Amino acid sequence: MMATAAQGQALQLTATVDSQTVPEGGVVNLTLMLSSNQLEIKQLGSLFPNVQAIEGFTLLERGMQSQNSSYSVGFNGQPSVQASVSQEFALRPNGKGTLTIPPFQTRYKGALIQSKPITIRVSGAGKEASGMPEELKQEGVPLPYSQHQGLNEFLQKAPILLRASSDKKTYYAGEAVWVQYELCLTNQMKKLVENSSNRLASESVDLGVKQMPDRSDFQTLAEDGPHADQWVRKSFGGIEYQVADLYSALLLPMKLGKLRISPFVLNGAYSVARQGRGGDMFSFGFDPFGRQQVGFAIPSVALEIEIRPLPQDGRPENFSGAVGDFTIRAELDRDSVGLDEYAALRLIVAGKGTLSTVQEPDLPAMPQFKQHGNLSREEVPRKNDPLRGEVVFEAVLRPNEAGKLDIPPVAFTYFDPAKEQYRSTQSEPLTLNVTPKEGGIQNPLVISLNNAPDADYSKGRQTVQLNANEMMFIQEEGFQGLRARAPLASGTVYWLLQLLPAGLVFGAVYLRRQRERLRGDAGLARRRGARGAAGKRLKAARIQLQRQNAAEFYAELIRGVRGFVADKTGLAADGPTNEELAERVRQSSKDDALADELRAFLDQCDQARYAPSAVSASMDEMLQRGSDLIQRLSRTLK
């Protein structure tokens, strides 16, 4: 039941569990200890692994760190110091069979220190929960857990549950995944939660976020929460619950196959007025009102979904990746333009689906027009329903001739996951009335110096024929007073003006090649645009700081720093963990201190996003730290 690092080192990392065999639904108590005979407690605390999640397990409880140090003098008179920092975790295995607790790691002076893996065997069924409604039991909704025996027995009656669901279990590539988490409270528990704002209440329950779901295989398109402000009554198995939408997210899968979203975990603190001294409640500390608190965890089930590739059979050549159910319509910003004016053609793709997969449609041949620039793109999701909305493309057209010019229909192809087939639609044709230029010469004057009998002047043109003796020549005499000037070709300005067109041509070619290079090399484009994208995120964070919106402030700050590192190192912004980002920085920069600072900053932002009071630094200080960190990273990551 023990796994420890190699002996004889100045630093040792040890992992132990209370049992390597647990029933299904049981709990494993893990103890992690970092010890040394050379380092002080403060140093050990800074090196202790930051355990946010453990693959294959739900982290139910994370105890406080405990510290221990001893001093002794040996027979040779030499002093000996032994210091250690430890922390306990309550884990619930996700699934049956044999699972492995992976090694925990830390670094000291560039060396990797890690514990050994621990094997956990999950066999048989756990104890039946008498209070769990059968309907929720079939969904796999787990029970809350507390290390305190008395409170845990109360939680076995299922007074509080966290329900997780997705809109379906199987999706196609490019199809958005909608996940939702509901907080379910019995009437008794609801009153205890409401009492949390009343410090005079004899009993209360405080709730907070312990662990957000791990969505590393997904890109987050939209999210709402976590918050619980609207409650409805629902009945499960004859038991009435108060239910609130706690958190929801729209996710885009980044991989094929079977994917997993780790459990969402809430932490709770049951607070009761202390009756005298002592008592059998396990205390996490006392407050000035003479109360004691006992912690517990409320986990959801892990969500498992399957992502299937789009079918190859029947795939149209003009299919660009759109997944959903869409229509397309076309409209002009005006009905009539002059020959020297412009018109905007708007193409609106609307419907239900993943709007980010909708790419610009191919325009049909329109020889009567010249298109200026590329199509612009704008997503307009419907409020409160990110699965529905519009994607608007706009092209700027200039007519080449006057008259009534036709704009043919524009075709759009998409994959409909509900019907499991490719479908095509098209817009209605349009007509643009183009008027000639005002004041234009309708019958141009043609001057001929000789009679041309075979010339065709029958189309309304006028012919003026002049003889040579009828022409008056300009006289050169009488202008001696004017100063003789040097030829224009001998001036520097003349040659600069002559070279200007060539320079513009070469510049345009260079810019075009640079744009093509960026389009062909997405990694290069991300690296070059990393600083600008991070700056926009920090600006958005500053706006949220002015509004004193802590959750959105830290969300923007995290996206800015994570996105900068991901763009510079070629990683997906939403995919890697904080530890993986720090490791990539470590590999790229060879700067251990910078990598450790990045991880600590991101961990602190994650904690502050959902529990701002747990972070001592102000939002102004965190914003400055994030800005300074990006500047240092930009000098290191090229």
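The values are calculated or read from the model by the stated rules, or taken from the named source; none is laboratory data. Not measured: the values here are computed from a predicted model. Heads up, the Cβs are rebuilt from the backbone with ideal geometry, glycines too, and the neighbour counts pull from every protein chain shown. Each accessible area value is taken on the protein alone, full model and side chains, heavy atoms only, with ligands, DNA and RNA left out. Shrake-Rupley method; radii C 1.70, N 1.55, O 1.52, S 1.80 Å.
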* Asked: Name the residues in region 520-542 that are of a type in the set (A, V, I, L, M, F, W, C) and at pLDDT 85 or above, would you?
  -> A534, L538, A540, A541
* Single residue of region 210-237 satisfying the filter (modelled with pLDDT of 85 or more and exposed (fewer than 14 other Cβ atoms within 10 Å of the Cβ)) that is farthest from T186 (Cα to Cα) -> T220
* D574 fails exactly one of the following numbered conditions: (1) under 25 Å from E223 (Cα atoms); (2) buried (at least 17 other Cβ atoms within 10 Å of the Cβ); (3) at pLDDT 85 or above. What is the number of that condition? -> (3)
* Asked: Which strands (runs of 3 or more DSSP E) sit wholly inside region 313-412 and have at least 1 residues that are within 28 Å of W178 (Cα to Cα) and modelled with pLDDT of 90 or more?
  -> 324-332, 343-353, 385-399
* Can you tell me which residue within region 395-418, out of those that are without any contact (Cβ under 8 Å) to a residue 40 or more places away in the chain and open to solvent by 50 Å² or more (accessible area, probe 1.4 Å), is nearest to I328 (Cα to Cα)? => D406
* Asked: Within region 382-404, which residues are within 24 Å of N318 (Cβ to Cβ) and out of contact with any helix residue (DSSP H, G or I) (no Cβ under 9 Å at 6 or more places or on another chain)?
  -> V392, F393, E394, A395, V396, L397
* Just for region 32-64: of the residues that are closer than 30 Å to P144 by Cα and acidic (D, E), which one is least open to solvent (accessible area, probe 1.4 Å)? -> E61
* Please work out if D206 is part of a strand (DSSP E or B) and charged (D, E, K, R). => yes
* Counting just the residues of region 583-607 that are without any contact (Cβ under 8 Å) to a residue 24 or more places away in the chain and open to solvent by 70 Å² or more (accessible area, probe 1.4 Å), which one comes out farthest from R562 (Cα to Cα)? -> K590
* Structure fact -> The strands (runs of 3 or more DSSP E) lying wholly within region 88-203 that contain at least 1 residues that are among the small types (G, A, S) and open to solvent by less than 70 Å² (accessible area, probe 1.4 Å) are 97-101, 111-114, 118-125, 160-166
* Out of curiosity, is L339 in contact with an Asp or Glu (Cβ under 9 Å, 6 or more places away or on another chain), under 16 Å from K404 (Cα atoms) and buried (at least 16 other Cβ atoms within 10 Å of the Cβ)? -> yes
* Asked: Do you know which of the residues in region 608-617 that are under 17 Å from L545 (Cα atoms) and open to solvent by 40 Å² or more (accessible area, probe 1.4 Å) is modelled with the highest pLDDT?
  -> R609
* **Filter result for the condition that a residue is within 20 Å of the chain's Cα centre (by Cα), in contact (Cβ under 8 Å) with a residue 40 or more places away in the chain and surrounded by fewer than 18 Cβ atoms within 10 Å (Cβ to Cβ), over L251, L256, L246** => L256
* Candidates S356, S376, filtered to the one that is open to solvent by 50 Å² or more (accessible area, probe 1.4 Å) and hydroxyl-bearing (S, T, Y) -> S376
* Could you grab the pairs with beta carbons closer than 8 Å, sequence gap of 6+ or different chains, first residue in region 149-170 and of a type in the set (S, T, Y), second one part of a helix (DSSP H, G or I) and open to solvent by 10 Å² or more (accessible area, probe 1.4 Å)? => S165/E139
